[in-house]
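K.L.:
Below is one structure. I have some questions about it.
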Amino acid sequence: MNRIATVSQEILLTLGAVLGVICILATLSAVFFGVTPLIFRSGSMSPAISTGALALAQEVPGADIRVGDIVSAINPQGTRVTHRVEGVSARGSGSYALTMRGDANEVADPERYIVTSTDRVVWHLDGLGFVVQEAQKPPYIFALGSLVGALLVFSVRYRRAARQATDGAESPNDPTEPTDDGAPTDPPEFDGIGIFGTDDVATAPIPTARPAAGVVVKTSAAVLLALALVGGLFAGQPTDTQAAFTDETRATSATLASSLDSSFKPSAVTCTATGPGSRDLTITWSVPTTTLPPTSYAVSGGPTASPTQASNSGKVSVTFAAASLAVNSYTVTVTANHFTNWPASATPLTVNIAGNGGNRRPTCP
């Protein structure tokens, strides 16, 4: 059991050390090398970079940008867009005009980006953006802090136990220690040459070297402490940190119709005239087929009044009362929100309202 506990502690310490090094390297890269993490919130760069990918972008001068680079720039409306460069033209005074287009888009972005320097994507991993954004939630931050604390406790206890075991092994027997009958033993004879007699040489205690594990423990503890300090630095500035790690790249254009894969979207959206006189409007849809269900739904483009919602056997529906049907036509869009804020919208549905006054009722396609 002791060996199993020791191995478990070593594994935990190694894991903590690796996490600490990663955090420190990430912090140093951001500070000294201008590296910015980006989370892709749309799919206009697919298949090269998919929705939910985490990318690292490094700031480079405008003169270093080449056709084919994937760069992240701010458009005139102040929105960050990450697309592939299709054209670069110098404008003087060190500024450059970039023509960019998403790989999944049929046409280039409608406006050029004027930059003196910009962020060029140097690495990405699909799906990791989901993990990073979820890990920023308070429960996960608390769990990470608890893990760091537990690893530090393991480190201290392991080091103390190793020191006690070594000190016990290094302590020689007292030559005058009493025997079983209570009488002290005679010390070994001295032969005048500087060593004990030959009868005692074989039984003389040999000092045991202190195990190298102490060094490993010290190093792991130091790295873990650095991890805790880095985590504390980020926790002390939640707004800036969230901005740094959720620099949401909204790579969109007029030709991009969706932001997430179809499995994330509501499907089979239908309209039904319900209620007394079939005058109420009910919108029904099938839930997405993803493993984790959406955190919420939103229905936009319909009547302004709040609908009633119901769920049954993989179907969700909302009903608008007849009194809220104020215009002649609605274009209703059902959106499923995943994770913290990852929307996936179904194809809009147009609903016409026929009749006048108290005879108004929906006519569904």
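K.L.:
Please state which of the following conditions residue 344 fails to meet, knowing it meets all the rest: (1) under 26 Å from residue 131 (Cα atoms); (2) surrounded by fewer than 16 Cβ atoms within 10 Å (Cβ to Cβ); (3) touching a residue at least 24 places away in the same chain (Cβ under 8 Å).
P.N.:
Unmet condition: (2).
K.L.:
So for the stretch 312-335 (the condition being of a type in the set (S, T, N, Q), surrounded by fewer than 12 Cβ atoms within 10 Å (Cβ to Cβ), within 36 Å of the chain's Cα centre (by Cα) and modelled with pLDDT under 85), does at least one residue qualify?
P.N.:
Scanning the stretch 312-335, I find at least one residue that is of a type in the set (S, T, N, Q), surrounded by fewer than 12 Cβ atoms within 10 Å (Cβ to Cβ), within 36 Å of the chain's Cα centre (by Cα) and modelled with pLDDT under 85, so the answer is yes.
K.L.:
Just need a number here: residues in the stretch 43-66 that are surrounded by fewer than 23 Cβ atoms within 10 Å (Cβ to Cβ) and out of contact with any helix residue (DSSP H, G or I) (no Cβ under 7 Å at 6 or more places or on another chain).
P.N.:
Final tally of qualifying residues: 14.
K.L.:
Could you list, in sequence order, the residues of the stretch 253-276 that are modelled with pLDDT of 90 or more, touching a Pro at 6+ places or on another chain (Cβ under 7 Å) and either in a loop (DSSP other than H, G, I, E, B) or loosely packed, with under 15 Cβ neighbours inside 10 Å (or both)?
P.N.:
The one that is modelled with pLDDT of 90 or more, touching a Pro at 6+ places or on another chain (Cβ under 7 Å) and either in a loop (DSSP other than H, G, I, E, B) or loosely packed, with under 15 Cβ neighbours inside 10 Å (or both): 266.
K.L.:
Output the strands (runs of 3 or more DSSP E) that fall wholly within the stretch 283-352 and possess 2 or more residues being within 17 Å of residue 273 (Cα to Cα), or say none.
P.N.:
Output list reads 308-312, 315-320, 329-338.
K.L.:
Moving on. Residue 78 fails exactly one of the following numbered conditions: (1) over 10 Å from residue 100 (Cβ atoms); (2) touching a strand residue (DSSP E or B) at 6+ places or on another chain (Cβ under 8 Å). What is the number of that condition?
P.N.:
Checking residue 78 against (1) over 10 Å from residue 100 (Cβ atoms); (2) touching a strand residue (DSSP E or B) at 6+ places or on another chain (Cβ under 8 Å), the one that fails is (2).
K.L.:
Listed residues 177, 106; which is out of contact with any helix residue (DSSP H, G or I) (no Cβ under 6 Å at 6 or more places or on another chain) and at pLDDT below 75?
P.N.:
177
The values are calculated or read from the model by the stated rules, or taken from the named source; none is laboratory data. Fair warning: this is a prediction, and the values are worked out from it, not measured in the lab. Here Cβ is always computed from backbone atoms with ideal geometry, including for glycine, and neighbour counts include all displayed protein chains.
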